[in-house]
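Written below as C-alpha cells is the structure these notes are about.
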2 protein chains.
Amino acid sequence: MPPNRDCEEQSASPSVSTAAVRPVAPTRFVLIEPSHAGNVGAVARALKVMGFDDWALVRPRWPDVLQRPEALERASGAVDVLQRARIVDSLEEALHGISHLCATAMTARDFGPPTAAPRPYLEALAPRAHEGTSGGVAFLFGSERYGMANEDVWRCHVCLRIPTAPAYGSLNLAAAVQLIAYEWRLALGGFDTAADDAAPKRAPRDPPADAPALSGLLAHWREALQTIGFLDPAAPKKLIPRLRRLLLRAQPTASEVHILRGVARAVIDAAQGRKR
Amino acid sequence: MPPNRDCEEQSASPSVSTAAVRPVAPTRFVLIEPSHAGNVGAVARALKVMGFDDWALVRPRWPDVLQRPEALERASGAVDVLQRARIVDSLEEALHGISHLCATAMTARDFGPPTAAPRPYLEALAPRAHEGTSGGVAFLFGSERYGMANEDVWRCHVCLRIPTAPAYGSLNLAAAVQLIAYEWRLALGGFDTAADDAAPKRAPRDPPADAPALSGLLAHWREALQTIGFLDPAAPKKLIPRLRRLLLRAQPTASEVHILRGVARAVIDAAQGRKR
C-alpha cells in the first residue's frame, strides 16, 4: 500500500497528468525572485499534491533553477510540474489571464489591500471562481529574504496572512505555498465530492449490539467476576455500573459481544475446573 | 517590515519562547524513523511557526540528526525547537502522557481506526482538548520511505488523510506536518487570545488513560486469555486487535484501566490456582 509520502531521494516518477481536478477559473502560483533552488523544487511538489500545475517564477536567482540538483531532489515525483514553471522577467508577464491577485505577506501595508486570513477569504472567493466571475486567480509569494515589494502588494486585491505564532512567523516559502494551495483546493471543493466531504468515514462496521445483548453480556460477566472472587455479591460497590458505562461508550457490535461472552465463559470454566 | 518568510540560509535567531499560546491538553508530534535530516529541521520550523514545541523522534536514521548541517539549515530560526526534540527507541516511549493518537496515512487499513479528513476531525476534537477530556493528543508520522507500520496505525484513534491529488499524493514529510500543525492550531482557536472566551466549559471528567497504560492493559489481558486457553499464541487470529479497537472506542480512564487489570489479575490467579 502506498505511503502518503515518499522519499525525497527517489528518482522522478514518469509524468502523470496533473490537470486541475475540476473546471474552474485558472489558478496560478507566482514566486517573485525565489533565491533557493531547493525551495523551487519543494514548491513544485507542494502544487502537484494539491492538483495545481500553472506557475511562474519572476527573476529567479538561478536562471537554470529548474535543472539544479537541489530543485530536482526536492521536487521528488513532481519533476514534471517543476519543468512546467514559466520563467519571466517581470511580474506583469506572469499575470496574463489573471484577474484576481492575492498577495501573501506578514503585515498590512499603508495604502495596501485589505489583509485577510486565507480560509475565510478563499471560501468566499471559491464560488466566484466556479462561476467564472472571479477571472483567473493568482497567488503571489515574495522572495525568501525580503518578502514582497510594496508596489507588488499594492496591485493585489487582498493580502493573505497565514496565522503564525506571535514569537516566530517565519514560514518557509514552500510551506507557505503548501498551506495556500491546500486551502484553495479545499475551498474549491477538494478532490472527490464523495470521498472528501466532511463526515469522518469508518470502514463499514457492524451496528452496535442492542440493549438486551448488552444486558446479557453484563450478566454473564457478573457471574464470571463472582466465580473468580473479584466481585462480592454482598458488597458489589460500583463495579457493574462502571463496566456498563465503559461498554456504553465502546458501543460493541454483536460479534464483539459474542467474543466478550466467550471470554466470560472461558473464565468461568477455568475457575470451576480448579474447584473440581 | 518583516517578511512572512525568511531565508533558509540565515543564521539561527536567538531563542524565543515558543510555549503553546493557550493552556490546552498537551500536543505532541512524533516522527517515526525519519530518514532525512533536512526534513527534521524543516519540521522544527513548521512546528514553531504554529506555536508547538513538544515532539519526539523514534529511531531516526541519523542518531546525531539534531546536530546535522542540513537539519540546522532547514530549521532556520527554529533551532531552539529542533534541539527540544526527544530521541527515543520506541514509539511507546514517545507516548507518555498521550491519550489520543492520530495516525497520518494515505489509506485505511483492515482493522485500522476510522479514516477522516483533518479539518472536520480536528474541529471536533479541539473542544475536548480545551476541556481537558481528550487527554494529551499526538500526531504520528511514518518514515519518508515507508509511511506508518500497520501495528502503529492500529493503536491510533483515527487515521488522518490529508486530501491530495488522485494522481500524486506524495506529500513531503515536513509539508504534511505543516498542514496538520496548521489545522490543529486553527481548530484550537488560532493565535487570537480573544478566542479563549469562546471555548466551551463543562464539568471535567477524568481524562482517558494514556497510550502506554492501554498497551499495558492489553498485554495483561493477552496473558490472562492465554492462561485460560482462550487465546492460542500460535494462532492468535484477530482477537487482540479487536479488543484494542474496542478499547480505543471506549477510551477508558486511568481508574477504569486499573479495574480491568485487576480483573485480568484475578483471572490469572483463578486459573493458576486450579493448576496447583
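Each value in this text was obtained by applying a stated rule to the coordinates, not by laboratory testing. In this text, all values refer to a predicted model and were calculated from it rather than measured experimentally. Don't worry about glycine lacking a Cβ; one is built from the backbone with ideal geometry, like all the others, and counts go over all protein chains shown.
Give, to the nearest whole percent, the P(r) tail of the range B:211-275 beyond 18 angstrom, counting all Cα pairs.
Pairs farther apart than 18 Å: 36 percent.
Our estimate of slack between residue B:219 and residue B:124, defined as 0.36 nm per intervening residue step minus the Cα-Cα distance, is 31.1 nm. 3J(HN,Hα) along the range B:134-143, derived from phi through the Karplus expression 6.51 cos²θ - 1.76 cosθ + 1.60 where θ = phi - 60°, amounts to 7, x, x, 10, 10, 10, 10, 10, x, 6 Hz, with x in place of Gly and Pro. Taking the label point 7 Å along Cα→Cβ, residue A:127 and its counterparts in the other copies are spaced 2.6 nm apart, in ascending order. Treating r as the C-beta distance of residue B:111 and residue A:131 and R0 as 60 Å, the FRET efficiency rounds to 0.85.
Mind checking the range B:202-246 for trypsin sites (Lys or Arg not before Pro) that DSSP puts in a loop (not H, G, I, E or B) and that have at most 14 other Cβ atoms within 10 Å? Before the final figure, lay out the partial values.
Values: sites: B:202, B:205, B:222, B:237, B:238, B:242, B:244, B:245; in loops: B:202, B:205, B:237, B:238.
The qualifying sites are B:202, B:205, B:237, B:238.
Karplus-derived 3J(HN,Hα) values for the range B:214-219, using 6.51 cos²θ - 1.76 cosθ + 1.60 with θ = phi - 60°, are 5, 4, x, 5, 5, 4 Hz; glycine and proline are entered as x. Modelled this way, with points 7 Å down the Cα-to-C-beta line, the labels at residue B:90 and residue A:61 are 4.6 nm from one another.
Sorting the segments A:136-143, A:123-130 by their residues' average number of neighbouring beta-carbon atoms within 10 angstrom, most packed first, yields A:136-143, A:123-130. Taking 18 Å as the cut-off, the amide N atoms of the range A:112-143 that come nearer than this to a point 7 Å along the Cα-to-beta-carbon line of residue A:70 belong to A:142-143.
Per-residue 3J(HN,Hα) values for the range A:157-174, derived from phi via the Karplus relation 6.51 cos²θ - 1.76 cosθ + 1.60 with θ = phi - 60°, read 6, 8, 10, 7, 10, 6, x, 9, 4, x, 7, 7, x, 8, 6, 4, 4, 5 Hz in sequence order (x marks Gly and Pro).
Put simply, the amide H of residue B:165, placed in the peptide plane, has neighbours under 5 Å in A:50, A:51, leaving out anything fewer than 5 places away on its chain.
For residue A:92, inter-copy separations between label points set 7 Å beyond Cα along the Cβ vector come to 6.8 nm, shortest first. Position residue A:226: other-copy label points at 3.2 nm, ordered by increasing distance, label point 7 Å along Cα→C-beta.
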